[in-house]
Amino acid sequence: MAETGSRPAPGDRTVIGLVFGNSNSSIAYTLDEKAEVIANEDGDRQIPTVLSYVDGDEYYGQQAKAFLVRNPKNTIAYFKEFVGQDFKSIDPTHNHASAHPHDVDGVVSFTVNDKEEAVEPSTLSVSEVTTRYLRRLITAASEYLGKTVTSAVITVPTDFTDKQKAALIKAANDADLEVLQLIAEPVAAILAYDARPEATVEDKIVVVADLGDTRSDVAVVASRGGMYTILATSHDYEFAGCHLDQVLIDHFAKEFIKKHNTTDPRENARSLAKLKLEAESTKKALSLGTNASFSIESLIEGIDFTSTINRLRYEMSARKVFEGINRLIEAVVKKADLDVLDIDEVILSGGTSHTPRIANNLAALFPESTTIVAPATCATAINPSELLARGAALQASLIQEYDAEDIDQSTHPAVSTVKHIANALGVVTLAADDASSESFTPIVPAETAVPARRVARIAGPKNGGDVLIRVVEGGAHIKVTKPEPKQKAETNGAKDEDDSDDSDDDSSDEDDEEEEKREKVWRIGNTVAEAAVRDVKKGSQVEVTLTVNADLSVIVTAREIGGKGGVRGVVKAP
Amino acid sequence: MIMATATLATQPLPVLPEGWAGEKDFNPIGSLSAATQRTIEPVGPHFLAHARRARHKRTFSEDDRIQAQEAAKKVESTNDDEISEPEDPMDLQRDAKDWKSQDHYQVLGLSKYRYKATEEQIKRAHRKKVLKHHPDKKAAAGVTDDDNFFKCIQKAHEVLMDPVKRRQFDSVDEKADVDPPSKKQLAKGNYYKLWGSVFKSEGRFSKTTPVPEFGDENATKEQVDEFYNFWYNFDSWRTFEYLDEDVPDDNENRDQKRHVERKNTNARKKKKAEDNARLRKLLDDASAGDERIKKFRQEANAAKNKRRLEKEAAEKRALEEAKAKKEAEERAAQEAEAAAKAEREAQKKAKESAKNAVKKNKRVLKGSVKEANYFASGAASAADVDAVLGDVELVQGKIDPEEIAALAGKLNGLTVADEIKSVWSAEVKRLVEAGKLKEGDAKSLA
Ligand SMILES: Nc1ncnc2c1ncn2[C@@H]1O[C@H](COP(=O)(O)OP(=O)(O)OP(=O)(O)O)[C@@H](O)[C@H]1O
Ligand SMILES: [Mg+2]
C-alpha cells in the first residue's frame, strides 16, 4: 500500500479518523485518548455523502441531500462504492433518483452542471467526485480543530478490493490528505468499544453487524488478547436502511392514493424523492418514539399529505427486512463454523442499528449469555453511527508518530499473518457436583494467534494433596435436548379461551411448544502433557500458565498459589 | 484498556493418581494437533505491540511478504466462479409476464445448485445479474427499452428469496429430480449409489431433517430399518399451488372465480396424492431389489435355524449326558459291592486262617506238655494230665493269638521236658508280672 502524494513529517501531522460511507460520512479526532465525532458547519455528525451543484455553487452533506428533490440531475449521491471499480461491475440502482453514472472507457463518471454559466456540463470521474467531497470534509474538520488536517485513518468494508483501496487513497491524496492506514470497518467498531478506559481485555467472539443504508455487512471476529482476527464475513444489499425507507414509502404512498384517489406518487420522480426523504426521517423518529408523523407539502398535484404511523405497524410492515437481517447474521455465524452459543457479543454498528426491533430480534436469536450491544438492548452502548469514526480516530492517534515506512512494515501480512490454534487448550477438571466426571476447562481458546500466554487459577482438590494437571485440547459441540413431548390434554380446555384473542395468526401452536434446550459442551481431546503439583493445602488454588509459542511448542507451568516451588515443562512443537 | 488477569475456574483439579510418575513431575505426552494461518487485523494497541515484537531486529524479505500473504486463509470470497454459468439465449428473450414458466435458478445462473442454493448464493447470483443487466446501465450505453430480462431476474429473486414462494417453486422444480435407475443401469451395479441419489433428491421435501441416507452394502440393519421406516412414513412439505390456474381477478364474476378456486384445490389434492403414490412406488422398487434386506432376512433365518439346531443339539447332549451319568453310577455301585464282598471274604479267610493258626498253635502248646510227659516223672496220672492241660488252657485264655503264636514259636521243636517247662514257667512268670495271672495260678507250669 505505498501511498503517494504529500507526506507530512510525523511530528507535523494533524490526524483524524474518517468514515466515507455510501450514504453518510463522518470525522472523528482524539483528545486525551478519547475519541469525539466532529459536527460540520451544519451541525451534522452524520454528513450525507452527497455533492450538489446549483448555479456554480457546490453543496455537500445535508444541504446537497435536500437538493435531491429539486435538482437531482446535478446532485451526485451513492458514489462511494464505485471508487476503483469498472463501470461493468457497479450496481447503479441507488443512483436512479440522482445523477446517473455512465461509462467513459470503463471509468464510472457523472455528468453535471458545475459552473455558473453552464455552456457545457462537466463529466467527472468518480475519483474526482470523491476528491471534491473529501476536500469538503477535511475543510470542515480543519475549521473545527483550528488547524489543517493532514492525515487520516479511513475505514473500508472488508470486501474492498486492492484496486478500490488504491483508488480511494489516490482520491484522498488528491484532496491533500495523507492516508495513514485503511482499516476494516468491523474492527474499527470493536476498537471503539475496546478503547474505552473501563474495557477489559478478554478473549471473546464478537459479531459485528454494520447495518447501513444500502448494505449490511456482518463479520465474525475472534478477539484474543486485544488482537482481532476476522473468521467470516458476509455482505448483503437487500436488508438495509433504504429497504426500511421503501417499506414506509410504500405504506404512505398506498395510504395517499386511497385517501386522495390520485396517481401513484412513486411514479413521479419528484414526489418519490420527497417520499424518500420524509420516509427516512419518519423511520428515524420511530427508533426513538412509538409514534411518528409523516408530512409532505404538495406531494403530488399540489396535495399536501399528513399522516402518522405507530411503531408496531411499522415493524409489521418491515418484518421481511428484519427477518432477513436475522437470517444474515445467523448465516455468518454458521459460515465461521460456530454456533450462536459461541458468540459473546454482537456489536451493532451503522445508522440502521438504531432500530430497536433489530436489536430485540437479535436478543431473541442469541442466548442470554450473548450481549447485544445496541442502544435498545444495552445501556452502555455507543451511538452506532459513530463507532467507525471513533475507531478510526483511535487508530490514527496510535500510529500518528510512525513514519510511512514504519506503518507499512508493521501492518504488512508478513507481520500479521500467523498461526492460530485450531482447538482450545486447557486442563481436565472435575465436575463440581460429581468428582467422577471429568470435564474440560479452557485456558487458551481456539483461534488464538500464537505466540500466546494465558494464566488460569483453578481450585485444588477438596482435601488438598498432590494434584494432577492434565493439559489437553478441547473441542466444543452443541448438545440439543428435545423437550418431553407434551401431553395433548394439558393444552386443551380452559387455557384456549384466554389466549384466543391476542393471537390471530396460526403461529400460536408453535409458540406453545416448548423449545429444545441447546447447550455448549466440551469434549476432552488429545492429551498434550501431564504435570504434578505436590502437597497442595486444603482450600488452595493452583495457577496454571500455558504459553503456546510461534512454532506451536507449549510451555506448561503450574504452582500452588502462596505455596513454594511448582512445576515447569515443555512440550515439543508438532 | 485494562489488562485481564487470570481466568478463574471453580471446578477443582483432580487428585494425582496413585503411582503417577514423571521426570521432575512433568510428562510431555502429545502436541498441539492443528493450527490455521490467519491474518490478524493490523489495528489497535495490542497488534502494534505484536508488530514491534515480530519486527524486532528483523526485516522481512519480499519473499516472506508474498508467502505470508498467500498462506493466509481468505475470509472474503473474491470470485464468484461458483455461480457463473453461460446465460441461455432463450432466457434472454423471455417475456417477464410469463414468469411462471421460467426456471428461476437458471435465470440467476444457479442451475447446478437449485434447492441446495443458500440464501447467500442467491443474493450473490442476483447481484451479479443486476450488475450486468441493470436497465440504467443499458440506458447509459444507449440501449433503451430492454429491461425484460432484468424483470425476469427480479422475479426469480423475488420467488427464491421468499421462503414460502421458494418452496412452492421447489415443489415443482422437476429439474432437481433424480430419476429412478433403469434395469439397465442397475445391471451394471451401483445399486446403492443410484438409488441413494434418488432419495437424496427426494429428501429435499422432508419436513424433518436430517433425512437418513440410503447407505451402501455395508449399512447395518438398524440403518436400513431406519431408512425405510423414515421413508414409508415420509412427511413431505411438497405442494402444488405453483401449478394453479390463474384465478380471475375481477370481482364481477364471483362464480367463475369460485369455480377456478375449487378446480385448483382439487388439482392440488390430486397431484399430492399422485406424488405420494409415486414415492411409495419408488420405495417399493428400491426395497424389492435391496440385497441388504434379503441379506438381513437370510441372516435372520439363519440365525433362527442356528438357534433351533443349537437347541436340539443341546437337548440331545443333555440326554446323553444323563444316560452316561446313570450308567457310570450303576457301574460304580456294582464295583463297590464287589469290592465289599471281596473284602468280606478276605476278612473271613483271614479270620479263619487266624483261627486255624490259633488252633494249630494251641495244638503246639498242648503238644509241648504232652511231649514233656506233663512234667511227670514216669507215667503221668490222669490228675497230672488234667492239671497241666487245665493250666495250659488257663494261660491260653489269658493271652491273645499273637502271644499264643509267639509262645508256640518258642515251644515248637522242643523235646526236652526241662526246656519246655522253662519256656512255660517264663511265660507264666511274664503273665503274673503283667498282672494277668495271680501268683500261684498255673502252678503246674510254673
Ligand atoms: N436513528 C435511526 N433510526 C433508524 N435508522 C437510522 C437512524 N439513523 C440513521 N439511520 C439509517 O441508517 C442508514 C445510514 O447508515 P450509515 O450512515 O451507517 O450508512 P452508510 O455506511 O453511509 O451506508 P452504506 O452502509 O450503504 O455504505 C440510513 O438508512 C439511515 O436512514
Ligand atoms: Mg456502512
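The values are calculated or read from the model by the stated rules, or taken from the named source; none is laboratory data. In this text the structure is predicted, and so the values were computed from the model without any measurement. We place every Cβ from the backbone using ideal geometry, glycine too, and count neighbours over all the protein chains shown. What goes into the accessible areas is simple: the full protein's heavy atoms, side chains included, and nothing from ligands, DNA or RNA. Shrake-Rupley method; radii C 1.70, N 1.55, O 1.52, S 1.80 Å.
The table below lists the values:
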{"read-out": "Folded to 0 to 90 degrees: helix B:254-288 orientation relative to chain B principal axis, Cα", "value": "40 degrees"}
{"read-out": "Within-12-Å neighbourhood charge of residue B:207 [Cβ basis; K, R +1; D, E -1]", "value": "+2"}
{"read-out": "Heavy atoms of residue A:202: accessible area, 1.4 Å probe, square angstrom to 10", "value": "100 Å²"}
{"read-out": "Estimated FRET transfer efficiency when R0 is 51 angstrom, pair residue A:55-residue B:193 (beta carbons, to 0.05)", "value": "0.10"}
{"read-out": "Calculated FRET efficiency for the pair residue A:436/residue B:345, C-beta based, R₀ 60 Å, to 0.05", "value": "0.20"}
{"read-out": "Length gained when the stretch residue A:42-residue A:549 is fully extended (0.36 nm per residue, less Cα-Cα span)", "value": "177.2 nm"}
{"read-out": "Most mobile listed residue (B:230, B:26, B:169) in chain B, GNM with C-alpha springs under 10 Å", "value": "B:26"}
{"read-out": "Gaussian network model of chain B, springs between alpha carbon atoms under 10 Å - residue of B:352, B:320, B:174 with greatest fluctuation", "value": "B:352"}
{"read-out": "Whole-angstrom gap from the stretch A:291-359 to the stretch B:85-152, using each part's C-alpha centre", "value": "28 Å"}
{"read-out": "Student exercise, chain B dipole from Lys, Arg, Asp, Glu Cβ charges, in Debye to nearest 20", "value": "620 debye"}
{"read-out": "Measure of compaction for chain A (Cα Rg per 2.2 N^0.38 Å)", "value": "1.15"}
{"read-out": "A:316, A:227, reordered so the largest accessible area comes first (probe 1.4 Å)", "value": "A:316, A:227"}
{"read-out": "Signed unit charges on C-beta, dipole axis of the protein assembly as shown, positive-most listed residue A:249, A:200, A:427", "value": "A:427"}
{"read-out": "Between the stretch A:181-227 and the stretch A:534-558, the alpha-carbon center distance in angstrom", "value": "31 Å"}
{"read-out": "Shielding by partners, peptide A:401-412 (average Cβ within 10 angstrom, other chains)", "value": "3"}
{"read-out": "Globularity ratio of the stretch A:5-68, using Cα Rg and 2.2 N^0.38 Å", "value": "1.37"}
{"read-out": "Cα-based equivalent ellipsoid of the stretch B:78-176: semi-axis lengths in Å, sorted from largest, via gyration tensor", "value": "22, 16, 12"}
{"read-out": "Geometric extent, Cα atoms of the stretch A:190-328 - Rg, Dmax (angstrom)", "value": "19.7, 63"}
{"read-out": "Spherically averaged projected area of the stretch A:110-261 from its Cα convex hull (nm²)", "value": "15.2 nm²"}
{"read-out": "The stretch A:77-197 - convex hull of the alpha-carbon atoms, volume per residue in Å³", "value": "145 Å³"}
{"read-out": "For the stretch A:241-316, the spread of Cα positions along each principal axis, largest first, Å", "value": "32, 22, 20"}
{"read-out": "Two-decimal log10 I(q)/I(0) for the stretch A:88-150, as the Debye equation yields it once each C-alpha is a single scatterer, q = 0.17, 0.22, 0.25 Å⁻¹", "value": "-0.74, -0.94, -1.04"}
{"read-out": "Column: log10 I(q)/I(0), Debye, Cα scatterers of the stretch B:308-392, q = 0.15 Å⁻¹", "value": "-0.76"}
{"read-out": "Sulfur and carbon atoms: percent of accessible area, the protein assembly as shown [1.4 Å]", "value": "49 percent"}
{"read-out": "Principal axis box of chain B, alpha-carbon based, largest edge first, Å", "value": "186, 80, 45"}
{"read-out": "Theoretical FRET efficiency, 1/(1+(r/R0)^6), r = Cβ-Cβ of residue B:298 and residue A:521, R0 45 Å, to 0.05", "value": "0.60"}
{"read-out": "Vicinal HN-Hα couplings computed from phi for the stretch B:356-363 (Karplus, 6.51 cos²θ - 1.76 cosθ + 1.60; Hz; Gly/Pro x)", "value": "4, 4, 4, 4, 4, 5, 4, 4"}
{"read-out": "Within 10 Å of each Cβ in A:178-188, the average number of Cβ atoms from other chains", "value": "2"}
{"read-out": "Extreme residue, positive dipole direction of the protein assembly as shown, given options A:17, B:198, A:229 (C-beta unit charges)", "value": "B:198"}
{"read-out": "Segment residue B:177-residue B:23, extension gain: residue separation times 0.36 nm, minus the distance between their alpha carbons", "value": "49.0 nm"}
{"read-out": "Sum of side-chain charges, residue A:549 neighbourhood, beta-carbon under 12 Å (Lys, Arg +1; Asp, Glu -1)", "value": "+2"}
{"read-out": "Centroid-to-centroid separation of the stretch B:237-276 and the stretch A:71-97 [C-alpha atoms, Å]", "value": "45 Å"}
{"read-out": "Listed residues B:66, A:469, A:478 arranged by accessible area, highest first, probe 1.4 Å", "value": "B:66, A:478, A:469"}
{"read-out": "From phi via Karplus (6.51, -1.76, 1.60), per-residue ³J(HN,Hα) for the stretch B:123-140 in Hz, x at Gly/Pro", "value": "5, 5, 5, 4, 4, 4, 5, 4, 4, 7, 10, 4, x, 5, 6, 5, 5, 4"}
{"read-out": "Prolate/oblate/rounded label for the stretch A:378-419 (Cα gyration tensor, a/c 1.5)", "value": "oblate"}
{"read-out": "Kirkwood hydrodynamic radius of the stretch B:321-446, Cα pairs, Å", "value": "17.2 Å"}
{"read-out": "Rh (Kirkwood; distinct C-alpha pairs) - the stretch B:403-446, Å", "value": "10.7 Å"}
{"read-out": "The protein assembly as shown, accessible area per residue, ligands and nucleic acids excluded (1.4 Å, Å²)", "value": "53 Å²"}
{"read-out": "Accessible area buried, both sides summed, chains A and B with 1.4 Å probe, Å²", "value": "8000 Å²"}
{"read-out": "Column: log10 I(q)/I(0), Debye, Cα scatterers of the protein assembly as shown, q = 0.06, 0.07, 0.10 Å⁻¹", "value": "-0.63, -0.82, -1.38"}
{"read-out": "Check: the stretch A:241-316 dipole with +1 on Lys, Arg Cβ and -1 on Asp, Glu Cβ, in debye", "value": "180 debye"}
{"read-out": "For chain A, calculated [θ]222 nm from helices alone, where every DSSP H run of n ≥ 4 adds -39500 (n - 2.57)", "value": "-9000 deg cm²/dmol"}
{"read-out": "Accessible area (Å², 1.4 Å probe, nearest 10) - residue B:23", "value": "150 Å²"}
{"read-out": "Measure of compaction for the stretch B:143-266 (Cα Rg per 2.2 N^0.38 Å)", "value": "1.51"}
{"read-out": "Gaussian network model of chain B, Cα within-10 Å springs - most flexible of B:315, B:261, B:403", "value": "B:403"}
{"read-out": "Counted charge near residue A:475, where neighbours are those whose Cβ lies closer than 14 Å (Asp, Glu -1; Lys, Arg +1)", "value": "-2"}
